[in-house]
């Protein structure tokens, strides 16, 4: 009987047109569209135009002049000081590959250049840095925000180290120690395949795979709806059969769970055909994805068992929860991740989608296996908690009013 029920549930679930589109076609379409949208940023033919920046010191005191000089030196790591040719700020000889072209001017000239689109942005250098960009640009503010945030971090770190030496907290290195540090400063940095490394630094692809892995919450909700008479007419008819609810639950769960496990493995193979680089540790990646999909299905069963409401609110939850977890893990804006860590630590620690992303990143960077193992352990505990809530919700149901 159980074998027949599993076979029947598998055929009915996979054959449902809505499930076919929403649970099976959407993940492939999502990954494909995302890849096409970001192709210009990830292809080998990347050709970003240099960002023309004008630096505007707020005043002429020594600290601002020092900060301006430090910012210029920092920009030299990814750009050059621009050369004016007539009315246009252009690359110097040999600097055609620059990401940033910078120059220095007063605020009046800078605003005029910005208004006439002779530069892309102006940076006001004061105690805190601020910038203004020309209208209609979307990539420039993002790049400048990251560059200036990195500069501020480096600047503060450098100031802290200098202060530590000045007040005696740090001991200067001996000459031999300095030479050894200088000789080994690049030890362990692999520069053999820089294009692949740059390609895979777009964390959005880790996030995208984690998102579709955790997407099938609705499959778990459908399991409960198929066995609870209070939630569907189909389940009400089945309740008259001489079969236990446990057997109905297992028969409904197994085919949906297996279908989504096969789907996520197939989807990962599809990403490899698209040449999205997640690293080469395929077995551990697939294990992580299996646990992620399992956590999604059990999240759905817990919601279905604990919320005996109409289908619509649970469908909304099945869409909203992955988006909420995605936002909390910093996939939409990195500052949100920091805020969640500081003010909602429990959400940061028990975010299944964040565990998936951290696990994929840990495997890709070949970092300490302990970090990957922590994500596996967290997802396993999350699955067990959701399964416990599911069993509790099913067992507490009463049917006297049906």
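The values are calculated or read from the model by the stated rules, or taken from the named source; none is laboratory data. These numbers were taken from a predicted model, which means no experiment stands behind them. Here the Cβ is made from the backbone with ideal geometry for all residues, glycine too, and neighbour counts use every protein chain on show.
When both residues are 6+ apart or on different chains and their Cβ atoms are under 7 Å apart, which pairs have a first residue that lies in the range 110-122 and is within 10 Å of residue 54 (Cα to Cα), and a second that is at pLDDT 85 or above and in a helix (DSSP H, G or I)?
Pairs found: 119/113; 122/110; 122/114.
Which one of these does residue 91 not meet: (1) touching a strand residue (DSSP E or B) at 6+ places or on another chain (Cβ under 6 Å); (2) at pLDDT below 85; (3) closer than 14 Å to residue 53 by Cβ?
Result: residue 91 fails condition (1) only.
Which members of the range 107-123 meet the condition of being closer than 16 Å to residue 72 by Cβ and more than 31 Å from the chain's Cα centre (by Cα)?
110, 119
Where in the range 169-258 are there helices (runs of 4 or more DSSP H), lying fully within it, with 3 or more residues that are at pLDDT 65 or above and within 24 Å of the chain's Cα centre (by Cα)?
Result: 204-213, 217-225.
With surrounded by 14 or more Cβ atoms within 10 Å (Cβ to Cβ) and at pLDDT below 80 as the only criterion, which of 375, 311 stands out?
311
Checking residue 220 against (1) touching a helix residue (DSSP H, G or I) at 6+ places or on another chain (Cβ under 9 Å); (2) within 24 Å of residue 354 (Cβ to Cβ); (3) surrounded by fewer than 24 Cβ atoms within 10 Å (Cβ to Cβ): exactly one of these is not met. Which one?
Here residue 220 meets the rest and fails (3).
Answer yes or no as to whether residue 325 is out of contact with any strand residue (DSSP E or B) (no Cβ under 8 Å at 6 or more places or on another chain) and at pLDDT below 90.
Judged against the criteria, residue 325 is a match.
Kindly indicate whether residue 293 is in contact with a helix residue (DSSP H, G or I) (Cβ under 6 Å, 6 or more places away or on another chain), closer than 21 Å to residue 268 by Cα, at pLDDT 80 or above and in the same structural domain as residue 364 (by TED's automatic domain parsing).
Yes: the conditions hold for residue 293.
Inside the range 61-98, can you point out the residues that are exposed (fewer than 15 other Cβ atoms within 10 Å of the Cβ), assigned to a loop (DSSP other than H, G, I, E, B) and either free of Cβ contacts under 8 Å to residues at least 60 places away in the same chain or not assigned by TED's automatic domain parsing to the domain that holds residue 153 (or both)?
61, 76, 77, 86, 87, 92, 93, 94, 96, 97
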